[in-house]
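Everything on this sheet refers to the single structure shown next.
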């Protein structure tokens, strides 16, 4: 009996020991699953790093940071606007430059811009109705004085622009969020009888011009290019030497409510998103309030578009104007519709400042409520064109049309730190920096991954901690760098 009793005790003890070991392993796995890893992607001046995975760090308990410890504080529990995506303009200039390149280089550009895995994952596009400065010449889609638009045809776009847009759609996975913008009505519809040099739409042609938008959208869609939205007028307060047309705030408001809005509805395009303003941050509040305070105009307006040329060097003096609109009209969307560094100089293609201009703008605009961000030309040639007005500019990618060589500016990678990791449907979340040298924004994506962008605009290497709910991961920001930290 004693031997049997002792044997029973041994068996019971071994069973308890086995249970204890199993419980211990389960506890270790549970604790391990709570330790989130952060993959760090970096682009930095004076290095070869370009959207390069440079580190994997882990969170540890940290508690209260000291003021001497630089931190980026992220709060995924505080969510804001839903993000649509990032993209660029598919202009005549981009399309003509693209067409001059070897097939291998064309494929490279499409992959680098639109593939979400191998490239930077653009999902938004913009193109021009009629010609713009980044066209080789001025044109419209109708014959002179054709008020009834019976001659309307997009045949000329089928040579360069439409093929590029379709290839971009395919490279992006089958679709783009594409919006369209006019730079000027046909000359006969304007009081200066000129597509260039400003001028205004004549009241007698307001309905004909409203019909023109629907003709364009219908023609593109029949050609296999869905149109998501449209802006009323590119830069309506700019009298340019190229295609331009002036609308005061009152005039734009009245054109929307009396002509464009009802015409779009009647044509069956009431689902297309109408974007007002489409000009700089300087006058954005005055324009937005004039239009949105009128219920009959506001009911047609999806959002307010804006550019950066009031201060294109990115000094950030009036980023807050975007926030003012968001504060006053939280149910109206904000979308950055155009920006690029101007005054092209081929000797400045490697200047690091271009990326930082983009970084400052994107981070501030997203933090101030923007739901999408659209660069200007995706591609230009070795002269910063083609451009019939001589208004040559920089793009994130330049092509030498004689040699086929592509040059990627650092702006391409700075944009990519947002476009690749802030996916459509993402929600902006709080990201707050304890150092003025570090700019930051963040989102939580539909797949649950958190992406935190940190831009170091200083000459210093800055070690900092990414802090979330009492836990922190140690990261180092290189001088003049852009990082995206992805938390799985």
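Multiplying the sequence separation of residue 458 and residue 66 by 0.36 nm and subtracting their Cα-Cα distance, what value in nm do you get?
Working: separation 392, 0.36 × 392 = 141.12 nm, distance 2.16 nm.
Extra length from residue 458 to residue 66 when fully extended: 139.0 nm.
Can you tell me the relative contact order of the range 407-446? Whole percent, Cα pairs under 8 Å, sequence separation 6 or more.
In percent, rounded to a whole number, it is 38.
Multiply the residue gap between residue 139 and residue 437 by 0.36 nm, knock off their C-alpha separation, and tell me the result in nm, one decimal place.
102.6 nm
For 190, 257, what ranking results if the residue with the fewest other Cβ atoms within 10 Å of its Cβ goes first?
257, 190
Find how much the distance from residue 406 to residue 318 grows on full extension, using 0.36 nm per residue of separation minus their present alpha carbon separation; answer in nm with one decimal. If you can, show how the numbers build up before the last one.
Numbers: separation 88, 0.36 × 88 = 31.68 nm, distance 3.44 nm.
Value of the extension gain: 28.2 nm.
How high is the relative contact order of the range 156-277, in percent, counting Cα pairs under 8 Å that sit 6 or more residues apart?
With pairs under 8 Å counted, the relative contact order is 29 percent.
So for each of 36-42, 226-232 I average, over its residues, the number of other beta carbons within 10 Å; can you give me the resulting order with the highest mean first?
226-232, 36-42
Would you mind getting me the FRET efficiency between residue 286 and residue 153? Use the beta-carbon distance for r and R0 = 51 Å, nearest 0.05.
For residue 286 and residue 153, the calculated efficiency is 0.85.
Could I have the simple spin-label model distance between residue 115 and residue 266, label points 7 Å from Cα toward Cβ, reported in nm to one decimal?
With each label placed 7 Å out from Cα toward Cβ, I get 4.8 nm.
Report the label-to-label distance for residue 194 and residue 449 in nanometres (one decimal), using points 7 Å from each Cα along the Cα→Cβ vector.
5.2 nm
At a 10 angstrom cut-off on C-beta neighbours, averaged per residue, how do the peptides 52-59, 447-454 rank from highest to lowest?
Sorting 52-59, 447-454 by mean packing, highest first, produces 447-454, 52-59.
Using Cα pairs closer than 8 Å and at least 6 residues apart in sequence, work out the relative contact order for the chain, in percent.
Once divided by the residue count of the chain, the mean separation gives 22 percent.
Grab the DSSP H runs of the chain that are 4 residues or longer, score each as -39,500 (n - 2.57), total them, divide by all residues and round the 222 nm result to the nearest 500 deg cm²/dmol. The partial results should precede the final answer.
Values: 12 runs with 141 residues, N = 488.
Value at 222 nm, helices only, nearest 500: -9000 deg cm²/dmol.
FYI, it's all coordinate maths here, none of it is from the lab. This one's a predicted model, so the numbers in the text were calculated from it and none came from an experiment. Quick reminder, even Gly has a Cβ in these numbers, built from the backbone with ideal geometry, and neighbours come from all protein chains shown.
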